[in-house]
Amino acid sequence: MSRSLHDQTLALAGLFQASALVQQIAHRGQCNEASLETSIRSLFATNPETTLDVFGGELTDIREGLETLAAIMGQQSKPEDVEILRYTLNLVHLEAKLRRHRDMLDVIGSRIDQARHTASHFGYTHPNLIGNLASVYTDTISTFRQRIQVTGNPTVLQREENAAKVRALLLAGIRSAVLWHQCGGRRWQLLFVRRKIIQHARELAEQSRQLP
């Protein structure tokens, strides 16, 4: 896996995209369906040739993440920006903890592999698959002492389909955090290489807008 700034930015965009979708669902109960599919599909990309292949192979697939990354790392001017950044940093922290639990990683990998049939049969955004992936998150990552506290509209979050989407997206966020680490991403870079990451994310987002 390449450890270039390009690949690190793509992986980080995947992380921000998952976090942004969590925030949208928690407050409104809906999000961009194409972005949701990209994030969920990334969980099943176990042998990608490139980092972009994890997200479908096209910059348009990860555009929302690139734009969110550039905007939020540039400045957190809105309450939702702070929430998205909090989810992102918490996912990075949880991924670091997960790396020290090889047995849990194996369980997650095995159960995602078992869900492939559901994904191929029903599609990546079907409630059956979302519920399946949500249970993977609940049975593994949620058992850590530190949990991600998702804030939003209580009425929205009480609906099981929304809670399931949030958990499945948090699992996808962990997957992107794993990818970011594999590409050489480290927490200190979010502070010291921030400007380069923002600039490259903006360039990639602009490229994605020029694609047919």
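Within the bounds of region 73-84, is there any residue that is in a helix (DSSP H, G or I), under 15 Å from Val178 (Cβ atoms) and acidic (Asp, Glu)? Spell out how you get there, then give the answer.
Step one: list which residues in region 73-84 are in a helix (DSSP H, G or I), which gives 73-74, 79-84.
Checking which are under 15 Å from Val178 (Cβ atoms) leaves us with none.
No, region 73-84 contains no residue that is in a helix (DSSP H, G or I), under 15 Å from Val178 (Cβ atoms) and acidic (Asp, Glu).
Return the total of residues in region 28-48 being at pLDDT 95 or above and either open to solvent by 70 Å² or more (accessible area, probe 1.4 Å) or of a type in the set (Asp, Glu) (or both).
5
What pairs come out if I take residues in region 148-166 that are farther than 22 Å from Leu129 by Cβ and pair them with residues that are surrounded by 19 or more Cβ atoms within 10 Å (Cβ to Cβ) and hydrophobic (A, V, I, L, M, F, W, C) whose C-beta lies under 6 Å away, six or more apart or interchain?
Listed pairs, sorted by first residue: Gly152/Ala26.
Filter region 1-39 for residues that are among the hydroxyl-bearing types (Ser, Thr, Tyr) and within 17 Å of Gln199 (Cα to Cα) and give the result.
Residues of region 1-39 among the hydroxyl-bearing types (Ser, Thr, Tyr): 2, 4, 9, 19, 35, 38-39.
Within region 1-39, Ser4, Thr9 meet the criteria.
Every residue, every condition in (1) touching a helix residue (DSSP H, G or I) at 6+ places or on another chain (Cβ under 8 Å); (2) open to solvent by 40 Å² or more (accessible area, probe 1.4 Å), yes or no:
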residue	(1), (2)
Leu69	yes, no
Ile72	yes, no
Glu80	yes, yes
Arg86	no, yes
Glu95	yes, no
Arg102	no, yes
Arg116	no, yes
Gly131	yes, no
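Would you pick out the residues in region 180-212 that are surrounded by 14 or more Cβ atoms within 10 Å (Cβ to Cβ), over 18 Å from the mean Cα position of the chain (by Cα) and within 16 Å of Leu89 (Cβ to Cβ)?
Residues satisfying the conditions are Gln189, Val193.
Can you tell me how many residues within region 8-43 are without any contact (Cβ under 8 Å) to a residue 40 or more places away in the chain and in contact with an Asp or Glu (Cβ under 8 Å, 6 or more places away or on another chain)?
Selection size over region 8-43: 4.
Does region 118-126 contain at least one residue that is touching a helix residue (DSSP H, G or I) at 6+ places or on another chain (Cβ under 7 Å), under 21 Å from His27 (Cβ atoms) and either surrounded by 13 or more Cβ atoms within 10 Å (Cβ to Cβ) or among the polar types (S, T, N, Q) (or both)?
As a first pass, look at region 118-126 and keep what is touching a helix residue (DSSP H, G or I) at 6+ places or on another chain (Cβ under 7 Å): 118-119, 122, 124-125.
Then keep just the ones that are under 21 Å from His27 (Cβ atoms); that gives 125.
Narrowing further to those that are either surrounded by 13 or more Cβ atoms within 10 Å (Cβ to Cβ) or among the polar types (S, T, N, Q) (or both): 125.
Looking for residues that are touching a helix residue (DSSP H, G or I) at 6+ places or on another chain (Cβ under 7 Å), under 21 Å from His27 (Cβ atoms) and either surrounded by 13 or more Cβ atoms within 10 Å (Cβ to Cβ) or among the polar types (S, T, N, Q) (or both), one finds at least one in region 118-126, hence yes.
Six or more apart or on different chains, Cβ under 9 Å: which pairs go from a residue in region 171-191 that's within 22 Å of Arg41 (Cα to Cα) to one that's of a type in the set (Lys, Arg) and assigned to a loop (DSSP other than H, G, I, E, B)? Could you list them?
Going by the 9 Å Cβ cut-off, the qualifying pairs are Val178/Arg99; Trp180/Arg186; His181/Arg99; Gln182/Arg3; Cys183/Arg3; Gly185/Arg3.
Yes/no matrix, rows are residues, columns are (1) more than 15 Å from the chain's Cα centre (by Cα); (2) assigned to a helix (DSSP H, G or I):
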position: Ala18; (1), (2): no, yes
position: Gln30; (1), (2): yes, no
position: Phe44; (1), (2): no, no
position: Gly57; (1), (2): yes, no
position: Glu67; (1), (2): no, yes
position: His93; (1), (2): no, yes
position: Val107; (1), (2): yes, yes
position: Ser110; (1), (2): yes, yes
position: Asp113; (1), (2): yes, yes
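The values are calculated or read from the model by the stated rules, or taken from the named source; none is laboratory data. Computed from a prediction, not measured in an experiment: that's the story for all the values here. Note: ideal-geometry Cβ built from the backbone for every residue, glycine included; neighbour counts use all protein chains shown. For the accessible areas, the whole protein counts, side chains as well, though only heavy atoms, and no ligand, DNA or RNA atoms are used. Shrake-Rupley method; radii C 1.70, N 1.55, O 1.52, S 1.80 Å.
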